[in-house]
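Take a look at the structure below.
The values are calculated or read from the model by the stated rules, or taken from the named source; none is laboratory data. None of these values were measured; they are calculated from a predicted model. Positions of Cβ are backbone-derived with ideal geometry, glycine not excepted, and every protein chain shown enters the neighbour counts. Accessible surface is based on the protein model in full, side chains and every heavy atom, while ligands, DNA and RNA are left aside. Shrake-Rupley method; radii C 1.70, N 1.55, O 1.52, S 1.80 Å.
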Amino acid sequence: MVDQDLKTSVKGQILSTSDLPTLPSVLDEVTKLVDDPNSSTEQVAKVISQDQVLSAKVLKMVNSPIYGFPGRITTIQHALVLLGLNVIRGIIISTSVFDMIQQAMSGLWEHSLGCAMASGAIAKAAGFEDPEEFTVAGLLHDLGKVVTAVQLPELNEAVRMTVKEKDLTYYEAERQILGFGHDRINAWLARHWHLPPNVREAMTYHHHPDRAQHYQQTAAVVHVGDFIVRLFEYGNGGDDQIAYFKPAAMKILKLKMKDLEPVMDEVSDKFMEISDLTF
């Protein structure tokens, strides 16, 4: 058991606002426009486009195989119309902390991209509308690991050593050392960054989709997506274990295991295509 004083101390450090990854000021402006019923997609696109580096990153991501529109989206406004604001916001967040992800854990970016692509394919197989929303939830599902690595490097190293010495999953080791896992950190991050509730619940409950209160389907898609990308050993989520698979996720999605076969074929073919997607 983790000492309660340590757990409280760790939680305080993790949740320190001043130490959280900073996001582009563009996001604040975009959020204000979204809350204004008189604003238009054109206005939102104009604000994002003013940051040329950020715009280039967003367009690179939306034209990748992950979203299925390779080479067709040439403007931010076009991206907003096709994918929606929630997806674009998720892309802005992930690409903005790309360097931090790369430094935090070797292979975590690839793992996140793989989970994103698998989540989109699963959402399509389940017949859900707007599979891109599920994709962005998969993209952001492990951000809590990044925060721990950046803000608590010594404890993060203890987690890594526990994974190695006890042959545990990263999630199990986090709970032993920190007293809670990256899913708890994800919940706070998602609220702090005002992410939509479906993405927030997927980030929070992707290890336990049956515990999600309102968006079990989104959490279940990311749970299965995480399982698939680990099965293929694409990227690195912090350990070499196959994530525990909850059959409840398939019940929530109303899918059979055989329904995942075409999904696995699809993602297998695309993994190599996204392997060089860097920023």
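Looking across region 47-61 at every residue that is touching a residue at least 24 places away in the same chain (Cβ under 8 Å) and not aliphatic (A, V, I, L, M), the one that is most open to solvent (accessible area, probe 1.4 Å) is identified as Gln50.
Taking region 160-174 as the range and being out of contact with any Lys or Arg (no Cβ under 9 Å at 6 or more places or on another chain), in a helix (DSSP H, G or I) and within 22 Å of Gln103 (Cα to Cα) as the test, the residues that pass are Arg160, Met161, Thr162, Val163, Lys164, Tyr171. Checked against the criteria, Val159 does not count as under 14 Å from the mean Cα position of the chain (by Cα) and either open to solvent by less than 60 Å² (accessible area, probe 1.4 Å) or charged (D, E, K, R) (or both).
Residue-level check: of (1) more than 25 Å from Lys32 (Cα to Cα); (2) open to solvent by less than 30 Å² (accessible area, probe 1.4 Å); (3) free of Cβ contacts under 8 Å to residues at least 24 places away in the same chain, Ile122 misses just (3).
Take the conditions modelled with pLDDT of 95 or more, in a helix (DSSP H, G or I), open to solvent by less than 20 Å² (accessible area, probe 1.4 Å) and not basic (Lys, Arg) and apply them to Ala187. Does it pass? Taking the combined requirement at face value, the residue does not satisfy it. For Ala212, the stated conditions do not hold, so it cannot be described as open to solvent by less than 20 Å² (accessible area, probe 1.4 Å) and in contact (Cβ under 8 Å) with a residue 40 or more places away in the chain. Taking every residue in region 67-88 that is farther than 11 Å from Thr41 by Cβ and pairing it with any residue that is in a loop (DSSP other than H, G, I, E, B), at least 6 positions away or on another chain, the pairs with Cβ-Cβ distances below 6 Å are Pro70/Asn63; Gly71/Asn63; Ile73/Asn63; Asn86/Pro196.
Condition check: polar (S, T, N, Q), open to solvent by less than 10 Å² (accessible area, probe 1.4 Å) and in contact (Cβ under 8 Å) with a residue 12 or more places away in the chain. Does Ser96 satisfy that? When the stated conditions are applied, Ser96 does not pass them.
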